[in-house]
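As structure tokens, the structure follows; a few thoughts come after it.
FYI, it's all coordinate maths here, none of it is from the lab. Please read these numbers as outputs of a predicted model, since none were measured by experiment. Backbone-built Cβ (ideal geometry, glycine too); neighbour counts: all protein chains shown.
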């Protein structure tokens, strides 16, 4: 998931732990929504309605990834949870998961093809000798999705990297996306997967939440390689991920020339951005607002500007005035066919209190906010209006948008139904304002391993009981199915839903 650190590592925590000072934070200012809220929002015919997962979070047997090793280290995962012990083992239960999608009328499924599973060793990669069982498993999933009438969206890198590129035992050495070879090999991997599976899918995600991976690994220390405030290395990762995305985009388009669904397009390629809203910690404080603007630019805009407009802000200062900056760089410009947007919650930014992060010179708070809003089990605000704000901010890019993740940590299922309805209402309202949203993927289809938080947060429409192996649709899945069937959300239907229940806090 995302996430937030996508799904397991909170973005705000990556910058500064929310302390008792959070209790003094003011309520973020109201956003002028313009015209009155419509009584009903409608969705287009052909809207992608789906759920999302990630391989490392729902599969078993990814021990040859950096996360496979990381999860074995003492103190890295909440409750010492292990991904292979207690997880839903998705590749062994493809039919069950497809049945869950069909039961609610979903028409799409986002999942990842795990690089380390396909090529478990560097020798296998260099010889292009993929693991036959891995290829067969992913091919089976894609084939069964097609037979079920479900559109696949394939992610090629969702946080986990092969251990021959990211060695958790040597954090002082360049790892993962710091290494130039990672971009080269990832480009080859993209080409090979597009060649092999292009006839079975048209929707591709290159990298999931690249900045979350940067922050988790190099600022917060909860992702491999586990560094704290290593800003030079963090920014190098961001730069290399942006260029790797652009090269992967080109590689997929060169290799995938087959139209899988008959719409005349062989490949639609983007990355999945984790987008948030950012408000001043103290309402009306000009310094806090300026800091919020700085953080919003780095988090929401920098990567999009690079791969859509080709605007390369090498020093991350919000201006194209540095010696290495470029405008409309042809090696980057136009490398997105759509915008993949993951959205979860709001963030408060302070210029004067808390631990300030270099580059943005601000403290960031995302959990335990004194806003009076309901909170998820992660302690994040439930802020559906923020999805509308984020979508409006994407409109100037003039590309179709797909919500590639949106969900709530809610183990008791006392928030999810209303959460889904309210966020889809905001999505429909944004469409009415002219934002070209083509799809929505709920995070997640089933309860899974939420990175540093282990199995504590429960995001699934389907619950998973590790003791019995039972998969049980939650009641909130029915709400999602009803909205899909109606292809619309009525405000009156939202008002009729129960109010948000109390969370079972499960912060990382």
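Sorting 58, 118 by the number of Cβ atoms found within 10 Å of their own Cβ, with the fewest placed first, yields 118, 58. Sorting 122-128, 417-423 by average packing, meaning the other beta carbons within 10 Å per residue, from highest down gives 417-423, 122-128.
Across q = 0.07, 0.11, 0.13 Å⁻¹, the chain modelled as identical point scatterers on its alpha-carbon atoms has Debye log10 I(q)/I(0) values of -0.33, -0.88, -1.31, in the order of the q list. For the chain, the 222 nm mean residue ellipticity estimated from helices alone, with every DSSP H stretch of n ≥ 4 adding -39500 (n - 2.57) and the total spread over all residues, rounds to -9000 deg cm²/dmol. The label-point distance for residue 505 and residue 398, in a model that sets each label 7 Å from Cα toward Cβ, rounds to 4.8 nm. With neighbour counts taken as other beta-carbon atoms within 10 Å, the residues 115, 70 rank, fewest first, as 70, 115. With a Förster radius of 51 Å applied to the beta-carbon distance between residue 173 and residue 143, the computed FRET efficiency rounds to 0.80. Sequence-distant contacts, meaning Cα pairs under 8 Å at least 6 residues apart, place the relative contact order of segment 277-410 at 25 percent.
In terms of surrounding Cβ atoms within a 10 Å radius of their Cβ, 197, 278 rank from fewest to most as 197, 278. Estimated from the Cβ-Cβ distance and a Förster radius of 41 angstrom, the FRET efficiency linking residue 470 and residue 328 is about 0.15.
Using the empirical formula 2.2 N^0.38 Å as the baseline, the Cα radius of gyration of segment 181-287 reaches a ratio of 1.36. Take every pair of alpha-carbon atoms less than 8 Å apart whose residues are at least six positions apart; their mean separation over the length of segment 2-496 yields a relative contact order of 22 percent.
Looking at segment 2-496 alone, DSSP beta bridges between its own residues are antiparallel in about 30 percent of cases.
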